[in-house]
Amino acid sequence: MRILFSGGGSGGHLMPLYSLQRAMKQSDCLYYLPPNDFDRDFANTYKLPHVFFSQTKFYFGSLFLVCKKIRGAFLEVAAEYKRNPWSLVVSTGGYAAVPVCMHAVVNRIPLYLVEPNSVAGKVNSLFAPFAKKVYTHFPYTKKLVWARTLNYGNPLREEIQRLEEPGEALLAFGASLGAQSINLLMSRLVKNELSCPVIWITGAKEYSAYSHLGRPGVTILPFSKEIDSFYRQAKLVIGRAGAGTVAEIQELGIPSILIPYPHHKDRQQFHNAGYLVENGSSIIKTEDELPESIDEILEILAPNSVVYASLLRQAKALPPKNAAQRIAKDIMQVP
């Protein structure tokens, strides 16, 4: 059975697909990707069998031009299918998935969608009624109408496993390029006397502005491919509330302070963070609240903190989802 994986443009689209492929132990597969630098690097790093669209973005230009681009991409998918057909399609959405999902629907190829966020993206919302199943991480995922949903979780790398006990460090990071507001918060926080080690990932763009604040007990990095190791050292995570981050800290059972990205129209990250906040394992802060949050964070990090003990207890109470294995088993059982 050959599987086509579709998505791209960010790690939030590609990593769940890669994790799912590994869980399926599926070597006979193909990734259909947009031809941008991130996707090229990802495909090369993880040695993915892939094909690139000739078009970069389908939604720029007049309506006529957009339709023309999508039609061209659809024909590319059809030609590739004719050369070497696939049995089913798994997609995480995003603009790159439009022609692939269209082709699956038109040709009645089984389509499975993975929606990691609490608010479904436009492409997944559009194709959800035509999918055999839609796998969600959040039990209340919005904008999925007439969809056969299963709340199995966001597929994660097999290295992300529930920790028996948390580490001792504060781990702080933004998105792949960093987050200015989190870096500013950390620059103020590390000037205080801290009761725990700090691992602070600034993002490559802002590393030079903050690297001088490093000292014994305060490790500052531009980026890292060893995030799994840092998770194992963490007692508390400060970060954005992207779907991947929320799923990982839930799976690991680590308390968190989440600062949602404020500029999504649908407030997607606020809804993502809200799930952990409602369950008592996380505290949410807006960017405007950060300057007044230093003392609160220091109190949470202090030895024998009652607030931290409560966050940790609730983080451990949230069960791991083991999503990649559950979704892989469900898909592979269906003819």
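The values are calculated or read from the model by the stated rules, or taken from the named source; none is laboratory data. These numbers were taken from a predicted model, which means no experiment stands behind them. Virtual Cβ from ideal backbone geometry, glycine too; neighbours counted across all protein chains shown.
When we screen R326, R313 for residues that are at pLDDT 95 or above, among the charged types (D, E, K, R) and in the same structural domain as E115 (by TED's automatic domain parsing), the only hit is R326.
Taking segment 113-141 as the range and being over 17 Å from the mean Cα position of the chain (by Cα) and in a loop (DSSP other than H, G, I, E, B) as the test, the residues that pass are A131, K132, Y140. One residue stands out among those in segment 37-61 that are assigned to a loop (DSSP other than H, G, I, E, B), over 19 Å from V123 (Cα atoms) and not hydrophobic (A, V, I, L, M, F, W, C): the one that is farthest from the chain's Cα centre (by Cα), which is S54. All of (1) surrounded by 22 or more Cβ atoms within 10 Å (Cβ to Cβ); (2) in contact with a Phe, Trp or Tyr (Cβ under 9 Å, 6 or more places away or on another chain); (3) not in a loop (DSSP other than H, G, I, E, B); (4) not charged (D, E, K, R) hold for G8 with one exception: (3).
M332 falls short on exactly one of the conditions (1) farther than 30 Å from I3 by Cα; (2) surrounded by fewer than 19 Cβ atoms within 10 Å (Cβ to Cβ); (3) touching a residue at least 24 places away in the same chain (Cβ under 8 Å), and that condition is (1).
Yes/no matrix, rows are residues, columns are (1) assigned by TED's automatic domain parsing to the domain that holds S87; (2) among the hydrophobic types (A, V, I, L, M, F, W, C):
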residue: L113; (1), (2): yes, yes
residue: Y140; (1), (2): yes, no
residue: C196; (1), (2): no, yes
residue: S211; (1), (2): no, no
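Against the condition within 23 Å of F270 (Cα to Cα) and crowded, with 24+ Cβ neighbours inside 10 Å, how does L144 come out, does it pass? Explain how you work it out, then say what you get.
Numbers: within 23 Å of F270 (Cα to Cα): yes; crowded, with 24+ Cβ neighbours inside 10 Å: no.
So L144 does not fit the description; no.
Could you tell me whether E251 is touching a helix residue (DSSP H, G or I) at 6+ places or on another chain (Cβ under 9 Å), within 20 Å of P116 (Cα to Cα), modelled with pLDDT of 95 or more and not hydroxyl-bearing (S, T, Y)? Yes; evaluated as a whole, the condition is true for this residue. Across segment 85-100, the qualifying residues are those that are surrounded by fewer than 24 Cβ atoms within 10 Å (Cβ to Cβ) and at pLDDT 95 or above, and the one among them that is nearest to N124 (Cα to Cα) is L88. Close Cβ contacts (under 7 Å, 6 or more residues apart or on different chains) running from residues in segment 8-31 that are within 18 Å of K225 (Cα to Cα) to residues that are part of a strand (DSSP E or B) comprise P16/V114. Scanning segment 62-101 for residues that are in a helix (DSSP H, G or I) and either without any contact (Cβ under 8 Å) to a residue 40 or more places away in the chain or not β-branched (V, I, T) (or both) yields a total of 25. Taken as a whole, segment 149-164 holds at least one residue that is under 23 Å from M15 (Cβ atoms), part of a strand (DSSP E or B) and in the same structural domain as M15 (by TED's automatic domain parsing). Of the helices (runs of 4 or more DSSP H) that lie entirely inside segment 216-335, those containing 2 or more residues that are β-branched (V, I, T) span 243-252, 294-301, 306-317, 323-333. Each residue in segment 102-120 was checked for being surrounded by 24 or more Cβ atoms within 10 Å (Cβ to Cβ), of a type outside the set (G, A, S) and in contact (Cβ under 8 Å) with a residue 60 or more places away in the chain, and 3 pass.
Scan segment 42-52 and give yes if some residue there is buried (at least 19 other Cβ atoms within 10 Å of the Cβ), in the same structural domain as F130 (by TED's automatic domain parsing) and out of contact with any strand residue (DSSP E or B) (no Cβ under 7 Å at 6 or more places or on another chain), otherwise no.
Taking segment 42-52 first, the residues buried (at least 19 other Cβ atoms within 10 Å of the Cβ) are 42-43.
From what is left, the residues that are in the same structural domain as F130 (by TED's automatic domain parsing) are 42-43.
Now narrow it down to the ones that are out of contact with any strand residue (DSSP E or B) (no Cβ under 7 Å at 6 or more places or on another chain): 42.
Within segment 42-52, one or more residues are buried (at least 19 other Cβ atoms within 10 Å of the Cβ), in the same structural domain as F130 (by TED's automatic domain parsing) and out of contact with any strand residue (DSSP E or B) (no Cβ under 7 Å at 6 or more places or on another chain).
Selection of segment 183-209 for residues being in a helix (DSSP H, G or I), free of Cβ contacts under 8 Å to residues at least 60 places away in the same chain and over 26 Å from the mean Cα position of the chain (by Cα) yields S208, A209.
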